[in-house]
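Novice: Got a structure for you, questions after.
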Amino acid sequence: MKQTSHLSAVLNPTVVAAASYLQKQFSEARPFRHVVIEHFFEASFCQRLCAEFPPFDTRAALNENGEIGGKAAQEKIQKLGASFRQLDEVVQSQSFRELIGEITGIPDLQYDPHYFGGGTHENRHG
């Protein structure tokens with residue numbers, strides 16, 4: 001898998017370099033397959049995401065009963081700012097999906113443009 005410039009602007013290069021090692025960790029993890037990747041994003045990119053993270057929006061915190069709950073989710077990340085648009089571009093790229101596929105052993109990963117169940121999530125206490 002070839003690292004492209006859009007990946008290197010967002011991901012920590014050690015993640016790409018360690019893909020085989022991460023795949024081994026993922027496949028051998030118990031009680032289920034998983035991996036924790038420290039410093040996944042470049043530090044400066046992560047700081048920009050944090051700075052653009054949306055404030056808690058009660059309209060995005062409606063639960064199944066139409067009541068305001070303690071969790072707000074934003075699925076339209078492209079509208080949250082330049083860093084989130086850049087993240088979206090990376091996530092939809094073939095090179096990113098190949099990297100995650102290599103780590104997880106899941107071939108042909110697809111991009112979900114609607115972020116169904118994804119996006120940003122803020123959980124408040126209680």
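Novice: Non-local amide H neighbours of Phe41 (under 5 Å, H modeled in plane, Pro and chain starts lacking H): which ones?
Specialist: Asn12
Novice: Net charge near Gly105, counting Lys/Arg +1 and Asp/Glu -1 over other residues with Cβ under 15 Å of its Cβ?
Specialist: Net local charge, Gly105 excluded: -1.
Novice: Got a number for carbon plus sulfur as a percent of the chain's accessible area, 1.4 Å probe?
Specialist: Roughly 54 percent of what the probe reaches on the chain is carbon or sulfur.
Novice: Say the dipole of the chain comes from +1 at the beta carbon of Lys and Arg and -1 at that of Asp and Glu; which of His121, Ala17, Ile68 then lies farthest toward its positive end?
Specialist: About the Cα centre, the residue reaching furthest to the positive side is Ala17.
Novice: Further, regarding this structure: Among (i) 1.18; (ii) 1.11; (iii) 1.34, find the value of Cα Rg over 2.2 N^0.38 Å that was calculated from the structure presented, and write down its label.
Specialist: Evaluating Cα Rg over 2.2 N^0.38 Å on these atoms matches (i).
Novice: Next question. Can you work out the Karplus-derived ³J(HN,Hα) for every residue in the range 83-100? Use 6.51 cos²θ - 1.76 cosθ + 1.60 with θ = phi - 60°, whole Hz, and x for glycine or proline.
Specialist: Running phi through 6.51 cos²θ - 1.76 cosθ + 1.60 with θ = phi - 60° gives 5, 5, 5, 5, 4, 4, 4, 5, 4, 7, 6, 4, 5, 5, 5, 5, 4, 5 Hz.
Novice: For the chain, what is the mean residue ellipticity at 222 nm derived from helices alone (per DSSP H run of n ≥ 4: -39500 (n - 2.57); sum divided by total residues; nearest 500 deg cm²/dmol)?
Specialist: -11000 deg cm²/dmol
Novice: Turning to a different aspect of this structure: With unit charges on the beta carbons (Lys and Arg positive, Asp and Glu negative) and the dipole taken about the Cα centre of the chain, which residue among Phe84, His39, Ser95 sits farthest to the positive side?
Specialist: His39
Novice: Taking a temperature of 37 °C and a viscosity of 0.692 mPa s, what whole-number D in µm²/s does Stokes-Einstein yield for the range 13-85 with Rh from Kirkwood over alpha carbon pairs?
Specialist: In µm²/s, the coefficient rounds to 215.
Novice: Same structure again: What ranking, highest mean first, results for peptides 68-80, 86-98 when packing means the other Cβ atoms within 10 Å averaged over each residue?
Specialist: For the peptides 68-80, 86-98, the packing ranking is 86-98, 68-80.
Novice: If you count only protein heavy atoms with a 1.4 Å probe, what accessible area per residue comes out for the chain, rounded to a whole Å²?
Specialist: On a per-residue basis, the chain sits at 66 Å².
Novice: Testing the spin-label approximation: label points 7 Å from Cα along Cα→Cβ at His34 and Phe53. State their distance in nm.
Specialist: With each label placed 7 Å out from Cα toward Cβ, I get 1.9 nm.
Novice: Does anyone have the angle between helix 43-52 and the longest principal axis of the chain? Alpha-carbon axes, 0 to 90°, nearest 10?
Specialist: Long axis of 43-52 versus the principal axis of the chain: about 20 degrees.
The values are calculated or read from the model by the stated rules, or taken from the named source; none is laboratory data. Just so we're clear, the structure is a prediction, and the values are computed from it rather than from any experiment. FYI the Cβ positions are ideal-geometry reconstructions off the backbone, even for glycines, and counts take in every protein chain you see. Side chains are part of the model used for accessible areas, which takes the heavy atoms of the whole protein and leaves out ligands, DNA and RNA. Shrake-Rupley method; radii C 1.70, N 1.55, O 1.52, S 1.80 Å.
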